[in-house]
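*Asks:* Could you have a look at this structure, given as structure tokens, before my questions?
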Amino acid sequence: MTYDNNNIFAKILRKEIPCKKIYENDYALAFYDINPQAKVHILVIPKGKYISFSDFSKNATKNEIEGFFKAVGKVAGDQNLDEEGYRILANHGTNAGQEVPHFHIHIFGKQPLGPMISKT
Ligand code: AMP
């Protein structure tokens, strides 16, 4: 599978479509999910072209991995989620229902988040 330069997050990174930006560093961009599934629902994406977590974990540089995960932690902290708790989630591929083929981590918070996996 090759990276699709026309995926929606690639367009956000190129500023071809807008996003509600929360934070960025050299390696990551964080913005609000357009269809929130919790009171707080944030996406953090790497600036590099990685299709999924699998691709990112295999092929990203140490600096990209560090810069990306530091951004995830910083955003959660800046949103005051550390004390009350939050969930991070990454969908990889078909079984997980990944919709956008650019690696991203969801951050959910500001409410009880229920069971880890849907029973339905
Ligand atoms: P996933 O199913 O893990 O690939 O999640 C993709 C997420 O991207 C979904 O939660 C969508 O609501 C979100 N999404 C899609 N388009 C946009 C957009 N233009 N801005 C912000 N979030 C988006």
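*Asks:* Region 23-63: which trypsin sites (Lys or Arg not before Pro) are DSSP loop and have at most 12 other beta-carbon atoms within 10 angstrom?
*Replies:* On the way: sites: Lys39, Lys47, Lys49, Lys58, Lys62; in loops: Lys39, Lys47, Lys49.
For trypsin sites (Lys or Arg not before Pro) across region 23-63 that sit outside H, G, I, E and B with at most 12 neighbouring Cβ atoms in 10 Å, the list reads Lys39.
*Asks:* Enter the Cα centre distance for the pair region 49-106 and region 1-42, rounded to the nearest angstrom.
*Replies:* Region 49-106 and region 1-42 have Cα centres separated by 12 Å.
*Asks:* Label region 8-109 by shape, choosing from rounded, prolate and oblate, from the square roots a ≥ b ≥ c of the eigenvalues of the Cα gyration tensor; if a/c is under 1.5 it is rounded, and otherwise prolate applies when a/b is larger than b/c, oblate when it is not.
*Replies:* Details: a/c = 1.28, a/b = 1.23, b/c = 1.05.
Cα axes put region 8-109 in the rounded bin.
*Asks:* Next question, about the same structure. Could you work out the relative contact order of the chain, using alpha carbon pairs under 8 angstrom and six or more residues apart, expressed as a whole percent?
*Replies:* It rounds to 30 percent for the chain.
*Asks:* Charges only on Cβ, +1 for Lys and Arg, -1 for Asp and Glu: so what's the dipole of the chain about the Cα centre, in debye to the nearest 20? Mind showing how you got there, number by number?
*Replies:* Values: 15 positive and 13 negative charges, 32 e Å.
Here the chain has a charge dipole of around 160 debye.
*Asks:* Size of region 69-120 along its principal axes in angstrom, Cα-based, largest extent first?
*Replies:* That works out to 33, 27, 12 Å along the principal axes.
*Asks:* If you fit an axis through the alpha-carbon atoms of helix 62-78 and take the longest principal axis of the Cα set of the chain, what angle between them do you get, 0 to 90°, nearest 10?
*Replies:* The angle comes out near 30 degrees.
*Asks:* Taking a cut-off of 30 Å between Cα atoms, list the lysines near Lys74, but don't count ones fewer than 8 places away on the same chain.
*Replies:* The qualifying lysines are Lys11, Lys15, Lys20, Lys21, Lys39, Lys47, Lys49, Lys58, Lys62, Lys110.
*Asks:* If you don't mind, another one. Exactly which GluC sites (Glu not before Pro) in region 59-120 are in a DSSP loop and have at most 13 other Cβ atoms within 10 Å?
*Replies:* Numbers: sites: Glu64, Glu66, Glu83, Glu84, Glu99; in loops: Glu83, Glu84, Glu99.
Qualifying residues, ordered by number: Glu83, Glu84, Glu99.
Readers should treat all values here as calculations from the given coordinates under stated rules, not as data from a laboratory. Note that the coordinates shown come from a computational prediction; the quantities given were computed from them, not determined experimentally. No Cβ is skipped: glycine too gets one built from the backbone with ideal geometry, and neighbour counts run over all protein chains shown.
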